[in-house]
Amino acid sequence: MAVACAAIAFLGFAPTFFLKRFFESPPLPLLVHLHGLVFTAWVVLLLAQTTLVRAGRTDLHRRLGIAGLVLAATMVVLGVLTAIGGARRGVGLVGMDPLGFMAVPLTAVALFLVFVILGALNRKKPEHHKRLMLLATFSIMTPAFARMAFAQQDPFLAFLLTMALVLVAVVYDRRLRHRIHPVYLWGGLLILVSGPGRFALGQTEAWHTLARALVQ
């Protein structure tokens, strides 16, 4: 799943970030470059951490985990700043103005933060910890899906593909362990509810008032 997340991130952001020099895409602000580098580092960290556990180097895994928490905190700060910056530049979505759309990335950052905090608190429970960190990564995959050609005009499809990642993890649990881990049950439900929830939130006047204050 870590390899899959890395592949999704690369394919989604290749035209506008990773392989930008080979595509005709508008220039990116420095903040967006930093955002891309830090979020990429998270996916690389996930690959490294899963590899270390598979190799039996849980000692290095724990040490690297401290750096992971610092990285996650940086991601949250940059995620919030990038969302606000996007609204200032007029970044929106079909059917959503920039202020309304800002609810989408900000709630994704909040969801990521919840899973990371719970993952850190459950670091002594490996079966909980690894699933929470995987769900944290799933929660930030939607933007990558949304930038793929077949999903650019349908943001709901990008969300469905994110849920497909959760479903793969659930099916794997069911087939291998003959039961679904409770973390996947409530965590998957949280991601599922957050999808339409963030779009509904972005349509409210209360959100527009808050978003306007943040942008100003």
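Annotations
- Meets criteria (at pLDDT 95 or above, within 25 Å of GLY197 (Cβ to Cβ) and more than 16 Å from the chain's Cα centre (by Cα)) for ILE84: yes
- Subset of the range 194-204 (residues that are over 14 Å from LEU111 (Cα atoms) and surrounded by fewer than 16 Cβ atoms within 10 Å (Cβ to Cβ)): ALA200, GLN203, THR204
- Among residues of the range 41-61, those that are touching a Phe, Trp or Tyr at 6+ places or on another chain (Cβ under 9 Å) and of a type in the set (D, E, K, R), counted: 0
Rundown of residues vs (1) assigned to a helix (DSSP H, G or I); (2) surrounded by fewer than 16 Cβ atoms within 10 Å (Cβ to Cβ); (3) hydrophobic (A, V, I, L, M, F, W, C), yes/no style:
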| site | (1), (2), (3) |
| --- | --- |
| THR16 | yes, yes, no |
| GLU24 | no, yes, no |
| HIS33 | yes, yes, no |
| VAL44 | yes, yes, yes |
| GLY56 | no, yes, no |
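- Scanning the range 111-126 for residues that are surrounded by fewer than 23 Cβ atoms within 10 Å (Cβ to Cβ) and either among the basic types (Lys, Arg) or farther than 16 Å from VAL166 by Cα (or both) yields LEU113, VAL114, ILE117, LEU118, ALA120, LEU121, ASN122, ARG123, LYS124, LYS125, PRO126.
- Residues satisfying the stated conditions in the range 137-179, i.e. outside any helix (DSSP H, G or I) and at pLDDT below 95: ARG147, MET148, GLN152, GLN153, ASP154, HIS178, ARG179
Conditions tested, residue by residue: (1) closer than 26 Å to GLY65 by Cβ; (2) out of contact with any Ser or Thr (no Cβ under 8 Å at 6 or more places or on another chain).
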position: GLN152; (1), (2): no, yes
position: THR162; (1), (2): yes, no
position: VAL166; (1), (2): yes, yes
position: ALA206; (1), (2): no, yes
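- When residues of the range 153-193 are limited to those that are in contact (Cβ under 8 Å) with a residue 60 or more places away in the chain and in contact with a Phe, Trp or Tyr (Cβ under 9 Å, 6 or more places away or on another chain), the one farthest from LEU106 (Cα to Cα): ALA169
- Scope the range 58-73; condition among the hydroxyl-bearing types (Ser, Thr, Tyr) and either touching a Pro at 6+ places or on another chain (Cβ under 7 Å) or surrounded by 15 or more Cβ atoms within 10 Å (Cβ to Cβ) (or both); matching residues: none
- Checking VAL76 against (1) under 14 Å from VAL116 (Cβ atoms); (2) outside any helix (DSSP H, G or I); (3) of a type outside the set (S, T, N, Q), the condition it does not meet: (2)
- So THR50, is it more than 30 Å from GLN203 (Cα to Cα), surrounded by 13 or more Cβ atoms within 10 Å (Cβ to Cβ), of a type in the set (S, T, N, Q) and in contact (Cβ under 8 Å) with a residue 24 or more places away in the chain: yes
- Qualifying residue in the range 126-139 (condition: among the acidic types (Asp, Glu), touching a helix residue (DSSP H, G or I) at 6+ places or on another chain (Cβ under 7 Å) and on the phi < 0 side of the Ramachandran plot): no
- Residues in the range 196-216 that are without any contact (Cβ under 8 Å) to a residue 40 or more places away in the chain and assigned to a helix (DSSP H, G or I): 7 in all.
- Among the residues here, GLY68 does not qualify as farther than 19 Å from VAL116 by Cβ and of a type in the set (Gly, Ala, Ser).
- ARG147 free of Cβ contacts under 8 Å to residues at least 12 places away in the same chain and either among the charged types (D, E, K, R) or buried (at least 20 other Cβ atoms within 10 Å of the Cβ) (or both): no
The values are calculated or read from the model by the stated rules, or taken from the named source; none is laboratory data. Computed from a prediction, not measured in an experiment: that's the story for all the values here. Every residue, glycine among them, receives a Cβ derived from its backbone with ideal geometry; neighbour counts consider all protein chains shown.
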